[in-house]
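K.L.:
Have a look at the structure that comes next, please.
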């Protein structure tokens, strides 16, 4: 005897098919629970079950106070000994670029001095950039580089090379012959700040992932302290160790 699927599963199947066929586009809002209940001749509780199923699959997202939307494909970002942002995303088929927001010299505050292992107040280069995947803003990164190590980092010619390379890793390799590895990463979740929300084009009540990182050169000297804000609705972080070398990247704790 053929087993009859629950009504909510049948509704979820129909909505899933509509999404795959383009009836509902990525980012598009679905009809309200009331309208869907009328459409399928069921109660709102059954609609909520169907939506919850598709939300668990990553096809839908529910924004409190706004409604239910077709979710965009999640970007998987691997965190290991060698973190290469552009390379990782391009390997998944994304078109990647960044926009420089701030380029300036600042004195190291407590957090930056601790991260770079330098004295408080020492001059550092601040590079803030907004990263895009297929022209959608997905993260903001603020990197701090010790000017004692890179005294000409902020020269216009160097910044031009950085813009052309569209990659911090390639820039450091080409200009300074500096290969780097990730020494530590600490990830926490928090609500987005107003200015970041504007650049990332997300609502103020949306959580983001905050990743603090420290990169070192081949000899173990710290060359970058970074703070990256990633859209929690678009990105997931995958932590991995390089088992071939016995000891992989030193991975920080994940705080939720």
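The values are calculated or read from the model by the stated rules, or taken from the named source; none is laboratory data. Worth saying up front: this structure is predicted, and the values here are computed from it rather than measured. Every residue, glycine as well, gets a Cβ built from its backbone with ideal geometry; the counts of neighbours run over all protein chains shown.
K.L.:
Please state which of the following conditions residue 236 fails to meet, knowing it meets all the rest: (1) within 19 Å of the chain's Cα centre (by Cα); (2) in a strand (DSSP E or B); (3) modelled with pLDDT of 95 or more.
P.N.:
Of the numbered conditions (1) within 19 Å of the chain's Cα centre (by Cα); (2) in a strand (DSSP E or B); (3) modelled with pLDDT of 95 or more, the odd one out for residue 236 is (3).
K.L.:
Here is a further query. Filter segment 89-114 down to residues that are farther than 22 Å from residue 155 by Cα and out of contact with any helix residue (DSSP H, G or I) (no Cβ under 7 Å at 6 or more places or on another chain), then give me how many there are.
P.N.:
Looking only at that region, the number is 12.
K.L.:
Additional query: Among what's in segment 43-56 and is under 12 Å from residue 12 (Cβ atoms) and touching a helix residue (DSSP H, G or I) at 6+ places or on another chain (Cβ under 7 Å), pick the residue that is surrounded by the most Cβ atoms within 10 Å (Cβ to Cβ).
P.N.:
47
K.L.:
For residue 81, indicate whether it is in the same structural domain as residue 170 (by TED's automatic domain parsing), assigned to a helix (DSSP H, G or I) and surrounded by fewer than 18 Cβ atoms within 10 Å (Cβ to Cβ).
P.N.:
Numbers: in the same structural domain as residue 170 (by TED's automatic domain parsing): yes; assigned to a helix (DSSP H, G or I): no; surrounded by fewer than 18 Cβ atoms within 10 Å (Cβ to Cβ): yes.
Answer is no for this residue.
K.L.:
Find the residue count for segment 161-177, including only residues that are over 25 Å from the mean Cα position of the chain (by Cα) and either touching a residue at least 24 places away in the same chain (Cβ under 8 Å) or surrounded by fewer than 16 Cβ atoms within 10 Å (Cβ to Cβ) (or both).
P.N.:
Residues that pass the stated criteria total 3.
K.L.:
Counting only residues that are farther than 25 Å from residue 119 by Cβ and out of contact with any strand residue (DSSP E or B) (no Cβ under 9 Å at 6 or more places or on another chain), which one in segment 144-168 is modelled with the lowest pLDDT?
P.N.:
Checking each candidate, the answer is 165.
K.L.:
Give 201, 206, 218 a once-over and let me know the one that is loosely packed, with under 15 Cβ neighbours inside 10 Å and more than 22 Å from residue 95 (Cβ to Cβ).
P.N.:
The conditions single out 218.
K.L.:
Using beta carbons and a limit of 8 Å, which pairs, at least six apart or on different chains, have the first residue in segment 132-147 and in the same structural domain as residue 95 (by TED's automatic domain parsing) and in a loop (DSSP other than H, G, I, E, B) and the second one surrounded by fewer than 20 Cβ atoms within 10 Å (Cβ to Cβ) and modelled with pLDDT of 95 or more?
P.N.:
147/105; 147/122; 147/123; 147/154
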